[in-house]
Amino acid sequence: MGTALQDKSALVIGRGSGIARAIVEAARAEGAQVIVAGRDAEKLHDAYDGELRAEAVDVTDEASIQALAKAIGPVDHVITTASARARGLLPDLDRESLLKSFDTKVIGPVMLAKHLRVNESFTLFSGVAAFKPAVGYLGVAITNGAADFLTRSLSLELAPIRVNALSPGVIDTGIWDALGEQGKQDYFEHFRTHNPARRIGTVEDIAQAAIFAMTNRFLTGVTLRVDGGEPLT
């Protein structure tokens, strides 16, 4: 147990698993009083065994964000992990999926910053595709690139509140289970043997970066690339 966030409040927006959960647990370990929020408040409440206050929010709905702001009042730190990936080759991309991607990961954080009363820091998510484009990830790349630029813009708009972003590389979360056991193993092996870190990232790697972003009082307007050096290859 640490004390870096003792007597501080933190709002973590996202699911009750994966990266969002790791950030929640890391913040609690540092003494923070954590509120979780997502589309299904009841599901989130159950995911944390009823130990945390859970609120409903749809980051693509401004009225929902306003309701959340009214419900929770001022908060010291905000972290939003919400995303909607628009994967696929250019001929397969549709306008609806691209709009949803931007609405969730770019416009959503803008509205959160507009309505939430944040005392100290605001952390959002970009991603490795912004810095290493790849065929089939055009929608993901342009969304994450916009989130990266948003980070710098918001850091000026909200100053002295600090605004930073995290940019994960390939992280071992349940999202890759859809590839099947062998497919996931092959995918991970490729990245593990090619990136400079020579391993796949963990949700704990991202959570540690989130704590750093929340607690380093001279860090703002920065996208922390927690990606094992993948863009260098």
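The values are calculated or read from the model by the stated rules, or taken from the named source; none is laboratory data. The structure presented is a predicted model; accordingly, all values stated were derived computationally and were not measured. Cβ: placed from backbone, ideal geometry, glycine included. Neighbour counts: every protein chain shown. Note: areas computed on protein heavy atoms with side chains; ligands, DNA, RNA excluded. Shrake-Rupley method; radii C 1.70, N 1.55, O 1.52, S 1.80 Å.
Structure notes:
- Here the Gaussian network model covers the chain, with springs between Cα atoms less than 10 Å apart; of GLU120, GLU55, GLU157, GLU157 fluctuates the most.
- Accessible area per residue for segment 1-51 is 53 Å², calculated with a 1.4 Å probe on protein heavy atoms, without ligands, DNA or RNA.
- Per residue, segment 152-207 exposes 55 Å² of solvent-accessible protein surface, assessed with a 1.4 angstrom probe and all protein chains in place.
- Choice from LYS184, LYS114, LYS105 with maximal GNM fluctuation in the chain (Cα, 10 Å cutoff): LYS184
- Per-bin percent of Cα-Cα distances, segment 105-229 [5 Å]: 2, 11, 18, 21, 20, 13, 8, 5, 2, 0
- The apolar share of the surface of segment 1-125, taken as the fraction of accessible area on carbon and sulfur atoms (1.4 Å probe, ligands and nucleic acids excluded), comes to 47 percent.
- Taking the 1.4 Å solvent-accessible surface of segment 143-233 as the whole, the part contributed by carbon and sulfur is 56%.
- For segment 1-133, alpha-carbon Rg relative to the globular expectation (2.2 N^0.38 Å, N residues): 1.09
- Cα lying deepest toward the dipole's positive end in segment 157-201, options PRO160, TYR187, THR173, charges on Cβ: PRO160
- Charges were assigned to the Cβ only: +1 to each Lys and Arg, -1 to each Asp and Glu. The resulting dipole of the chain about its Cα centre is roughly 580 debye.
- Estimated from helical segments only, the mean residue ellipticity of the chain at 222 nm is -12500 deg cm²/dmol, where each DSSP H run of four or more residues counts as -39500 (n - 2.57).
- Highest-MSF residue in the chain out of ASP94, ASP148, ASP172 [GNM, Cα springs under 10 Å]: ASP94
- Whole-angstrom gap from segment 27-78 to segment 142-182, using each part's C-alpha centre: 19
- Two tests apply to each whole DSSP H helix in the chain, Cα reach of 15 Å or more along its axis and mean Kyte-Doolittle hydropathy of at least -0.5, and the ones passing both are 18-29, 62-72, 138-157, 203-215.
- Nonlocal Lys pairs with alpha-carbon distance under 28 Å, the chain (8 or more apart, or different chains): 19
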